[in-house]
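The values are calculated or read from the model by the stated rules, or taken from the named source; none is laboratory data. As the structure is a computational prediction, the values presented were derived from the model and not from experiment. So basically every Cβ, Gly included, is an ideal-geometry build from the backbone, and we count neighbours across all protein chains shown. Side chains are part of the model used for accessible areas, which takes the heavy atoms of the whole protein and leaves out ligands, DNA and RNA. Shrake-Rupley method; radii C 1.70, N 1.55, O 1.52, S 1.80 Å.
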Amino acid sequence: MIALLFIPGVPLITAVLLLLFGRRIGKASAWLTVLALASTFFMTIALSDLVFAGNRIGFSWVWLSQASANWTLGLSVDGLSWVMLVVVTSIGTLIALYSIGYMHHDPRFSRFFAYLSLFCASMLGLVMADHFLLLYACWELVGLCSYLLISFWFEKSAAAEAGRKAFLTTRIGDTGMLLGILILFWSSGSLQLGNLAQVRQTLDPHVLTLISALLFFGAIGKSAQVPLHIWLPDAMEGPTPVSALIHAATMVAAGVYLVARTFPLFTPESLNLVLGIGLATHLFAATIALTMTDIKRVLAYSTISQLGLMMTALGLKAMPLALFHLCMHAFCKALLFLGAGSVIHGTHQQELEHLRGLRHFMPLTWITFLIAVLSLSGAPFLSGFWSKDAILLQAQHTMSWVFWSLVLGALLTATYLLRLYLRCFHGSPSSDAKHAHESPAIMTAPLVLLAIFAAGIGLVGSPWMHHLFFRIIGVHEMHEGIEIGMVALSAALVLGGFWLAWQVGFRRRQLLPASLRPIGQWLYQAAFHKYYVDEFYDKAILQPFYAATRAFSRFDQKVVDGAVNAAGSGTWRLGQWKERFDRLIVDRAVNGVATATRNLGLLPRLIQTGIVHPYLLMIVVAIVALAVGVIASQ
């Protein structure tokens, strides 16, 4: 079905046009991007009937070799990729619309929308790729676009450094992914994503474990899992719409989607790795989010934590639930980041200390932000409730210790989100907040639309709608009915999180006994400094690397360059000595021989006068001399 090419093709063409002619197009660049992304959304919706019927739509072409089917690249859409397409195109369109107001005065306005279009095109290509080669190309293109957008304000050293950090950190994970793809091709001879179930039957379990672990290593980088999570908080240096796009619908979602798409290759051993890293990331990032004071960094660590929850669900073999939570989280987190952008736009502040009491001045931002917070916290019957509680139920039926760990994670999630909400919108207004103003309609309209999705889109996976979401991705056996105990637990967790946020995060009360406060303070400082992971990497990796480069530089300057310079100097001196020997010995010897020869030639010249009489005289003298000699000899 050749029409599939238009889904990634339209934003790709838009990006090329804006890169070439963006300055001439001017402010219309934004509307061109919005139109391109909206058209891909409607093209995706047009495929719904075929997808709901269980069809897999595809389009392929031959690359490199006509004889080998292994190099038949293609795009395909099934239930899994269709859901991701809906998320990327809908959220991408709303973020592009929001960006018109947020980036209105930026001097590189058209370039921003060119990068945004390219970013979405790359993600759409990644989602639709039916071959590992095409998927990897789009995967790297997503990484490139993230670098361009995170460091978009490259005149700020922090933004330029954040872009480099994101690019280099994710490349580490991508190296593992590339090795996994190469081993898969070497062992099976096939890179078709549609054949993974058959490939699993032919490969040794140990090889499968290695391949899936390496593929997951790529997902660790893209989805900011421990220990490659360090780039995501720094990515907040980019424009806020970029943060929303990265954290909601594109880059970080790519890692979870990769594991879900290649799920047939995962073995119990590699799934245990996914479970362990996902759970560690979920709790690790949640505790850091409790201590952050920058509104965007709280949300950044929230994203890392929620991605860890999705990976935990994948490790529990609940791939549909992980994808469901990915979709719910995408709408909630896009709304939270755009709400944060609205706050920054209206106050020019990001620190929570300067953002108190904003509900009086930014009512639309306030109410939409609250909806996102409650939904992502798991408040009963909002979107986040359905996805998060489904994962909790799966853990309860699978591993009790994982269940209780996730309960703790849910409590931490509600606490840091409600702390963020209370510190921003409640309390007496700060001096900065008194000058705040609501964002323009071009920015608040996407907030309202996202709030509707954040509140109600979860119903498509609920028993009330007969688990429509899961039937779309091909899962037809789901638990029917609502667990009253889980509803009560979710409500209790939200209320508990609100109480902790109110008492500790908002009123700053000490709840620990005096004897335990030193330990609490130590734990708080450790979390506030992000458990010193960046400092550890700096001392254990970066500083030794810098020291090694300095040592190599000195070796190059003193040894290599010294040897080269010494050789040059010695050759120059040898040349000087040779010149002196040639000038003083060789030249003088040659000139001496010539002078002697010339002087010897002067004597014959005395008698070579050219006159006959002297010649006759010399003959007579010679004859007389000879005669005298003969007579004397007798």
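Which length gain, in nm to one decimal place, applies between VAL448 and LEU370 when the Cα-Cα distance is subtracted from 0.36 nm times their residue separation?
26.9 nm
Based on the Cβ-Cβ distance from VAL475 to MET43, what FRET efficiency comes out when R0 is 22 Å, to the nearest 0.05?
0.30
Could you state the accessible area per residue of segment 496-634 in Å², with a 1.4 Å probe and every protein chain left in place?
Ligands and nucleic acids excluded, the figure is 82 Å² per residue.
Mind scanning LYS165/LYS530; LYS222/LYS333; LYS296/LYS530; LYS156/LYS333; LYS156/LYS539 and naming the pairs with a C-alpha gap bigger than 22 Å?
Over 22 Å Cα-Cα: LYS156/LYS333; LYS156/LYS539.
Would you work out if segment 48-111 is rounded, prolate or oblate? Take a ≥ b ≥ c from the square roots of the eigenvalues of the alpha-carbon gyration tensor; rounded if a/c is under 1.5, else prolate when a/b is larger than b/c, oblate otherwise.
Cα axes put segment 48-111 in the oblate bin.
Would you mind calculating the gained length between TRP71 and GLN557 on full extension (0.36 nm times residue separation, minus the Cα-Cα distance), in nm to one decimal?
Result: 170.1 nm gained on full extension.
Put +1 on the Cβ of every Lys and Arg and -1 on every Asp and Glu Cβ in the chain; which of ALA372, PRO429, LEU603 then has its Cα farthest towards the positive end of the dipole?
LEU603
Once you sort the root eigenvalues of the Cα gyration tensor of segment 1-118 as a ≥ b ≥ c, which label holds: rounded (a/c under 1.5), prolate (a/b larger than b/c) or oblate (the other case)?
Oblate.
Taking 7 Å along the Cα-to-C-beta vector as the label spot, tell me the ILE519-ALA137 distance in nanometres, rounded to one decimal.
5.7
Based on the Cα atoms of the chain, what semi-axes does the equivalent ellipsoid have, where each is the square root of 5 times one gyration tensor eigenvalue, given in whole Å with the largest first?
77, 31, 27
Would you work out which of TRP502, ILE45, ILE100 lies farthest towards the positive end of the dipole of the chain? Charges go on Cβ: Lys and Arg +1, Asp and Glu -1.
Ranked along the dipole, the leading option is ILE100.
About its Cα centre, what dipole magnitude does the chain give when the only charges are +1 on Lys and Arg Cβ and -1 on Asp and Glu Cβ, stated in debye to the nearest 20?
Here the size comes out at about 1620 debye.
Determine the per residue accessible area of segment 25-167 with all protein chains present and a 1.4 angstrom probe, expressed in square angstrom.
Result: 37 Å² per residue.
Suppose each label sits 7 Å from its Cα in the direction of the beta carbon; what would the LEU5-SER431 distance come out to in nanometres?
In this crude label model, LEU5 to SER431 measures out at 6.2 nm.
Heavy-atom accessible area of ILE519 with all protein chains present, probe 1.4 Å, nearest 10 Å²?
Only protein atoms counted, so the area is about 100 Å².
When ligands, DNA and RNA are left out and all protein chains stay put, how many square angstrom of accessible area per residue does segment 395-448 have with a 1.4 Å probe?
Dividing the accessible area of segment 395-448 by its residue count gives 39 Å².
Any idea how far the Cα center of segment 586-617 sits from the one of segment 208-226, in Å?
98
Mind ordering 258-270, 229-241, 351-363 by average Cβ neighbours within 10 Å, highest first?
Those peptides, ordered most packed to least, come out 229-241, 258-270, 351-363.
Using alpha carbon centroids, what distance separates segment 77-138 and segment 511-558, in Å?
Result: 36 Å between the Cα centres.
Got a sec to turn the phi values of segment 94-109 into Karplus ³J(HN,Hα) couplings, 6.51 cos²θ - 1.76 cosθ + 1.60 with θ = phi - 60°, whole Hz, x for Gly and Pro?
Computed from phi, the couplings for segment 94-109 are 5, 5, 4, 5, 4, 5, 4, x, 5, 9, 4, 9, 6, x, 9, 4 Hz.
Ordered by residue, what ³J(HN,Hα) values in Hz, to whole numbers, does segment 195-209 give under the Karplus form 6.51 cos²θ - 1.76 cosθ + 1.60, where θ = phi - 60° and Gly and Pro are x?
10, 5, 5, 5, 4, 4, 6, 9, 9, 5, x, 5, 5, 4, 4
Give me the percent of the accessible area of the chain that comes from carbon and sulfur atoms, probe 1.4 Å, all protein chains in place.
C and S atoms contribute 69 percent here.
Suppose every K and R has +1 on its Cβ and every D and E has -1 on its Cβ; what is the size of the dipole of segment 137-192 about the Cα centre, in Debye to the nearest 20?
Charge dipole, segment 137-192, about its Cα centre: 80 debye, nearest 20.
How far is helix 517-528 tilted off the main Cα axis of the chain, in degrees rounded to 10, range 0 to 90?
In the chain, helix 517-528 runs at an angle near 60 degrees to the longest axis.
By per-residue mean of other Cβ atoms within 10 Å, what is the highest-first order of 322-334, 15-27?
Descending mean neighbour count gives 322-334, 15-27.
How high is the relative contact order of the chain, in percent, with contacts defined as C-alpha pairs under 8 Å that are six or more residues apart?
About 11 percent, as a whole number.
Report the FRET efficiency, 1/(1 + (r/R0)^6), for LEU468 and HIS104, where r is their Cβ-Cβ distance and R0 is 35 Å, rounded to 0.05.
After rounding, the FRET efficiency stands at 0.35.
Please state the charge dipole magnitude for segment 521-614, taken about the Cα centre, from unit charges on C-beta atoms (+1 on K and R, -1 on D and E), reported in debye and rounded to the nearest 20.
620
Angle check, please: helix 295-315 long axis (alpha carbons) against the longest principal axis of the chain (alpha carbons), in degrees 0 to 90, nearest 10.
80
Using a/c under 1.5 as the rounded threshold, could you call segment 237-285 rounded, prolate or oblate? The axes a ≥ b ≥ c are square roots of the C-alpha gyration tensor eigenvalues, and prolate needs a/b larger than b/c, oblate otherwise.
It comes out oblate by the Cα gyration axes.
Run the numbers on segment 392-514 and let me know its relative contact order in percent, using alpha-carbon pairs under 8 Å that are six or more apart.
Reported relative contact order: 41 percent.
Compute the FRET efficiency between TRP31 and THR571 as 1/(1 + (r/R0)^6), taking r as their Cβ-Cβ distance and R0 = 45 Å, and round to the nearest 0.05.
The pair TRP31/THR571 has a calculated efficiency of 0.10.
Would you mind calculating the gained length between LEU616 and SER400 on full extension (0.36 nm times residue separation, minus the Cα-Cα distance), in nm to one decimal?
The LEU616-SER400 span can extend by a further 63.6 nm.
Rounded to the nearest 500 deg cm²/dmol, what is the calculated helix-only ellipticity per residue at 222 nm for the chain, with -39500 (n - 2.57) per DSSP H run of length n ≥ 4?
Computed ellipticity for the chain at 222 nm equals -23500 deg cm²/dmol.
Along Cα→Cβ, 7 Å out, is where each label goes; now give me the distance between the ones at ASN272 and VAL628 in nm to one decimal.
Each label point is offset 7 Å from its Cα along the Cβ direction, giving 13.1 nm.
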